[in-house]
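Please see the structure below; I have some questions.
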Amino acid sequence: MGSGKSTYGRILSKEFLLPFLDTDAEIEKREGMSINEMFEAKGEEYFRDAETGLLRELSGSEAVPDGVISVGGGMPVREENRELMRKCGTVVYIKASPGLLKERLRDRSSKRPMLKGMDVDERVDSLLRDREALYESAAHHIIEIDGLEIYQVVNKLKALYNRGR
């Protein structure tokens, strides 16, 4: 959350003329409500089930053949999701330091259900403590982005993509 996955993914997909799918946006479209609304009306578990359902669909189809998928920050928490992500293709963990994430998320916390009404610094630390090993176990590659400009991160992603062809 806040690492820039969707931004980098969109740019990469345009550079290579590949389809792009943001799983959060796709779930919102299918459900007809925002993730915040989904958390409030149906709960986090409902949303997590929707994530898993979408990944099952993507991993068993040609829905995004040779494309770019950006997943939500909670997607890799479930073991099944980590396996499905790897089945979909090469998984890259866009890793940002806690400080960078806090800086990026501080003004946007009301739009993020996992941060809503909470102290952003404490919550980011807690989420990273709980999730970082899971992110790393899901990833084929890790790109650390602190101190990098957008084009530098995209160039690293492009190099990974070109190596995998």
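The values are calculated or read from the model by the stated rules, or taken from the named source; none is laboratory data. Please read all numbers here as calculations on a predicted model, not as lab measurements. Note: ideal-geometry Cβ built from the backbone for every residue, glycine included; neighbour counts use all protein chains shown.
When segment 9-33 is examined, which residues are found to be in a loop (DSSP other than H, G, I, E, B) and surrounded by fewer than 14 Cβ atoms within 10 Å (Cβ to Cβ)? Steps first, please.
Residues of segment 9-33 that are in a loop (DSSP other than H, G, I, E, B), as a first pass: 16-19, 32-33.
Matches in segment 9-33: 17, 19, 32.
List pairs: first in segment 140-153 and touching a residue at least 24 places away in the same chain (Cβ under 8 Å), second hydroxyl-bearing (Ser, Thr, Tyr), Cβ under 6 Å, 6+ apart or cross-chain?
Qualifying pairs under 6 Å: 140/90; 142/93; 146/97; 153/8.
Looking for whichever is assigned to a helix (DSSP H, G or I), at pLDDT below 90 and either surrounded by 18 or more Cβ atoms within 10 Å (Cβ to Cβ) or not acidic (Asp, Glu) (or both) here; the options are 84, 115, 101, 54. Which one fits? Let's see the steps before the verdict.
Numbers: 84 fails: at pLDDT below 90; 115 fails: assigned to a helix (DSSP H, G or I); 54 fails: at pLDDT below 90.
Of 84, 115, 101, 54, the one residue that is assigned to a helix (DSSP H, G or I), at pLDDT below 90 and either surrounded by 18 or more Cβ atoms within 10 Å (Cβ to Cβ) or not acidic (Asp, Glu) (or both) is 101.
Any residue at all in segment 34-50 that's closer than 27 Å to residue 142 by Cβ and in a strand (DSSP E or B)?
Looking through segment 34-50, none of the residues is closer than 27 Å to residue 142 by Cβ and in a strand (DSSP E or B).
Quick one: in segment 62-81, of everything that is surrounded by fewer than 19 Cβ atoms within 10 Å (Cβ to Cβ) and within 20 Å of residue 157 (Cβ to Cβ), which residue is modelled with the lowest pLDDT? Walk me through it before giving the result.
Of all residues in segment 62-81, those surrounded by fewer than 19 Cβ atoms within 10 Å (Cβ to Cβ) come to 62-67, 73, 77-80.
From the residues that got through so far, the ones that are within 20 Å of residue 157 (Cβ to Cβ) too are 64-67, 73.
Working: 64: 56, 65: 63, 66: 76, 67: 85, 73: 87.
Out of the qualifying residues, it is 64.
Let me ask another. For segment 142-155, enumerate the residues that are in a helix (DSSP H, G or I) and crowded, with 17+ Cβ neighbours inside 10 Å.
Initial filter on segment 142-155 (in a helix (DSSP H, G or I)): 150-155.
Residues satisfying the conditions are 153, 154.
Whether any residue in segment 60-76 is on the phi < 0 side of the Ramachandran plot, outside any loop (DSSP other than H, G, I, E, B) and without any contact (Cβ under 8 Å) to a residue 40 or more places away in the chain is what I want to check. So that I can check it myself, show each step before the final result.
Of all residues in segment 60-76, those on the phi < 0 side of the Ramachandran plot come to 60-65, 67-76.
With outside any loop (DSSP other than H, G, I, E, B) added as a condition, the list becomes 68-70, 75-76.
Within this subset, residues satisfying the condition of being without any contact (Cβ under 8 Å) to a residue 40 or more places away in the chain are none.
No, there is no match, as no residue in segment 60-76 is on the phi < 0 side of the Ramachandran plot, outside any loop (DSSP other than H, G, I, E, B) and without any contact (Cβ under 8 Å) to a residue 40 or more places away in the chain.
Return the residues of segment 126-141 that are surrounded by fewer than 16 Cβ atoms within 10 Å (Cβ to Cβ) and either of a type in the set (Gly, Ala, Ser) or assigned to a loop (DSSP other than H, G, I, E, B) (or both); say none if nothing qualifies.
Result: 126, 133, 137, 140.
Among the residues that make up segment 73-81, is at least one of them within 18 Å of residue 143 (Cβ to Cβ) and out of contact with any Phe, Trp or Tyr (no Cβ under 7 Å at 6 or more places or on another chain)?
Applying the first criterion (within 18 Å of residue 143 (Cβ to Cβ)) to segment 73-81 yields 73, 75-76.
Retained after the next criterion (residues that are out of contact with any Phe, Trp or Tyr (no Cβ under 7 Å at 6 or more places or on another chain)): 73, 75.
Yes, that holds for at least one residue.
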